[in-house]
Structures are given as structure tokens and as C-alpha cells.
Amino acid sequence: MRHVRTYSLGRVRRVPRALAIGVLALAGLTTGCEPGAVGVTQPTAATPAATRTADDSKPSGGPSSPSAMPSRTPAARPAPPATLMSTGDRSRQVRELQARLRQIGHFDRGPTGYYGAVTAASVTSFQGKRGLPRTGRTDTVTWQRLLAMTRKPTAKELDPAVAGPAARPDARCLTGRVLCVSKNSRTLSWMIDGRVLSSMDVRFGSQYTPTREGTFSVYWKSRHHVSTLYDSPMPYAMFFSGGQAVHYSSDFAARGYNGASHGCVNVRDEGKIAALFEQVKNGDKVVIHQ
């Protein structure tokens, strides 16, 4: 048996070599720097020390480190759909909305062109049946869904009492410059020497405030007129008999033939009467006939 020398308090003792190595290993003093050194596990050929990573020592199936988890960015909320029509609006598009809602049973009256409480309730009903937010406002999503379910309204659907084609001109309208107005067809034709230059829908006074019939002439034009009797606007007014005039009516544009004037000849197409106002002169003839 081989022995090694140990030193204790200046004395030399001889102890077995194997016993000395075991004592040193237990004391943690051996670090090993060559193959076979005590306390070192050598890498195998399958796992070279130079290629091992931190994950090599991780238990199989263990949780990933926080740094390895993918970062998550909160998804941006989509912008709400734009509102196209809502309570208080007056337009031809509102009239179309009402006519389309009526096609599928969500609007039970004639289109008026005014977006009031009844229209808002109809839109809410439509939205609820289609799983859309019940806002009562017509946004882009509601409108596109309605367009997909309906067809383009006819002139009759847009206005159940729509005016017919221009009537055959009265004989008094065949000479000179004439505003030729037919109560039967509910049309006004602007004529010069028997030729029709433009035509537009009109409405008249009620049975209590009828529009006078006969031959008159334009005696006063007032572009931004306001009625002194009813305090209501009368744009593009062309007076022909007392307080009666041909003029644009926003009420006619919104309600159609559901309403009536106080004796005037109402025009609902603002663009057409604006152009007519520029052409008509004081002294031009006005003929109102059946």
C-alpha cells in the first residue's frame, strides 16, 4: 500500500493515499483540471461542452424563461362607423332611407325626407333585427346592410303622390315668356314662345288657402324673402298676385304632397328654381290652370 506524508503541527505522518484523496474531496478542495480529476463530470461526445446552452440544464417540459415569452401588443380598437343620417336631418337620402325601410316592413308611412322620432325608431328596429348596435342613427354599416337587402326605390315609392309628367301647355302659354302652371299635373313649365325650357314639380294651397287661377304677371322678385304673415322663408320668391308667389319650399322638399302652401306655388327642387329665378324678369306672364 502506498502512503503519503501529512503534516500536523510540525509532525510528519504517513497515511494511505486513497484515504488522503477522500478526505480532500469531502472538504471541497479538489477542482480538477485534467481528465479523471475528482469531482468533475466530463462532457460526452454527444454533448460537447462548447455547444451546450443554458437550456441544456433545464428539466424537460419545464416553463420557458420570461425572456423567451413572445411580447404581446394590445390590438387597436376599430374606429366606430361614420354616421350618415340622424335625428333632425332633412334630405333626399333620408327619403330613400324611409322608402327602403318601408320595402321590408320597418316604416309604415309615406317617405317625408325628415329624420324624426318615427324614422329613428324604424332604424332602431332594423338594427335590432340584424344584430347591429341599436343606436337609431344610420351609420355606414347600417346603410350598407339596408342597401344589400332592398332595391332602389321608384319615383312612386319615394313620393306616393309624385307629380306626373308636364301637362300639355294651356293655349295662353304658347306665346311670349310664360310660367305655365298646371294644377292637374302639379308641374310648372318655363316656356318661351311655346318651347319648354325647364319643368319642375309644384304644390299649391289647401282648400282654405287656395292658389288663384288665371293669367297674371311677375311684379316683384325677392331672392331671400321671408313671409311677413307666417314668418317663414320664401327663397327665390316671384310674386304674381298679391301675396302669392312662386318660390322654393323646404317643407315641400321634406314632406312632399303631405303638406300644402298658404296659396303660393311651392317648388321643391332648389337647384331648378334658383336657375329659373335668374331667367325670369318682372313682367313675364304667369298662367295657372287646371
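The values are calculated or read from the model by the stated rules, or taken from the named source; none is laboratory data. Just so it is clear, the model here is predicted, and its values are computed rather than measured. We place every Cβ from the backbone using ideal geometry, glycine too, and count neighbours over all the protein chains shown.
Scanning region 119-139 for residues that are surrounded by fewer than 18 Cβ atoms within 10 Å (Cβ to Cβ), touching a helix residue (DSSP H, G or I) at 6+ places or on another chain (Cβ under 9 Å) and in a helix (DSSP H, G or I) yields a single hit, Ser125. Residues in region 194-224 that are farther than 20 Å from Asn258 by Cα and either touching a Phe, Trp or Tyr at 6+ places or on another chain (Cβ under 8 Å) or hydrophobic (A, V, I, L, M, F, W, C) (or both): Val196, Leu197, Ser198, Ser199, Phe216, Ser217, Val218, Tyr219, Trp220, Lys221, Ser222, Arg223. Looking only at residues in region 145-174 that are at pLDDT 90 or above and part of a helix (DSSP H, G or I), which one is surrounded by the fewest Cβ atoms within 10 Å (Cβ to Cβ)? If we take residues in region 145-174 being at pLDDT 90 or above and part of a helix (DSSP H, G or I), then Ala148 is surrounded by the fewest Cβ atoms within 10 Å (Cβ to Cβ).
Could you identify the single residue in Leu179, Leu188, Leu197 that is closer than 24 Å to Arg92 by Cα, of a type outside the set (Gly, Ala, Ser) and assigned to a strand (DSSP E or B)? Only one candidate qualifies: Leu188. Please find, among Thr87, Thr112, Thr142, the residue that is part of a helix (DSSP H, G or I) and either of a type outside the set (A, V, I, L, M) or outside the structural domain of Asp201 (by TED's automatic domain parsing) (or both). Only one candidate passes the filter, namely Thr142.
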